[in-house]
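Where a number appears in this text, it was derived from the coordinates with a stated rule and is not lab data. All values reported here derive from a predicted model rather than from experimental measurement. FYI the Cβ positions are ideal-geometry reconstructions off the backbone, even for glycines, and counts take in every protein chain you see.
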Amino acid sequence: MKHIISVVVRNNSGVLARVSSLFGRRGFNIDSLSVSATDDPLISRITVVVNGDDNALEQVVKQTAKLVDTISVTALREENTVARELLLVKIIFNANIDKDVVSLCDRFGSMILDITDGSMIIELTGTTYKIDEFMSELMNHATTFRISKVCRTGITAMERGL
């Protein structure tokens, strides 16, 4: 089962390594990891997405909470969470820009950030499902262009409500 865990920590060196190694030691493969300072530069939020059973998750949450620099740990419930991911994809085309690509970008609400003579960079923000669907559609239309590079940020998430 997929779990999203939000960890608020003191923004000190080595904290990310200690948190991520704790998940690894407990047998979790980290599917996604996103880290950034919060509105307070002394505090960071780590969003970790892992697959595993509920009992193991409960143990890793408790152990993460015991780390010296941890302020709080929350296992986010999917139905009560806003989760987003950012995708940047560069496509290379031989001649003119494919109208299907522009139409696809419009349909998914993505933005074309950069166009040069032979390439285009597209940005899309959304759920993992939306990003996966966009990439699938893009690959299905890849007859007059090729996908050169793909960068995904991983999930960042926040609990709904107060």
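Taken over segment 62-91, the criterion of being within 19 Å of Ser21 (Cβ to Cβ) and touching a Cys at 6+ places or on another chain (Cβ under 8 Å) is satisfied by no residue.
Out of all the residues in segment 96-114, which are of a type in the set (A, V, I, L, M) and closer than 14 Å to Leu124 by Cβ?
In the first step, residues of segment 96-114 are kept if they are of a type in the set (A, V, I, L, M); the result is 97, 101-102, 104, 111-113.
Scanning segment 96-114 gives Val101, Val102, Leu104, Met111, Ile112, Leu113.
Is there a residue in segment 98-112 that is aromatic (Phe, Trp, Tyr), more than 29 Å from Ser13 (Cα to Cα) and touching a Lys or Arg at 6+ places or on another chain (Cβ under 9 Å)? Among the residues of segment 98-112, at least one is aromatic (Phe, Trp, Tyr), more than 29 Å from Ser13 (Cα to Cα) and touching a Lys or Arg at 6+ places or on another chain (Cβ under 9 Å), which makes the answer yes.
Consider segment 24-62 and keep the residues that are of a type in the set (A, V, I, L, M, F, W, C) and farther than 17 Å from Ala75 by Cα. The one that is surrounded by the most Cβ atoms within 10 Å (Cβ to Cβ) is Ile43.
Please enumerate the residues belonging to segment 89-139 that are hydrophobic (A, V, I, L, M, F, W, C), in a strand (DSSP E or B) and in contact (Cβ under 8 Å) with a residue 40 or more places away in the chain. Quick ask: steps written out before the conclusion?
Initial filter on segment 89-139 (hydrophobic (A, V, I, L, M, F, W, C)): 89, 91-93, 95, 97, 101-102, 104-105, 108, 111-113, 115, 120-122, 124, 131, 134-135, 138-139.
Those still in the list that are in a strand (DSSP E or B) too: 89, 91-93, 111-113, 115, 120-122, 124.
Selection gives Val89, Ile91, Ile92, Phe93.
Scanning segment 81-97 for residues that are loosely packed, with under 15 Cβ neighbours inside 10 Å and within 30 Å of Gly161 (Cα to Cα) yields a total of 1.
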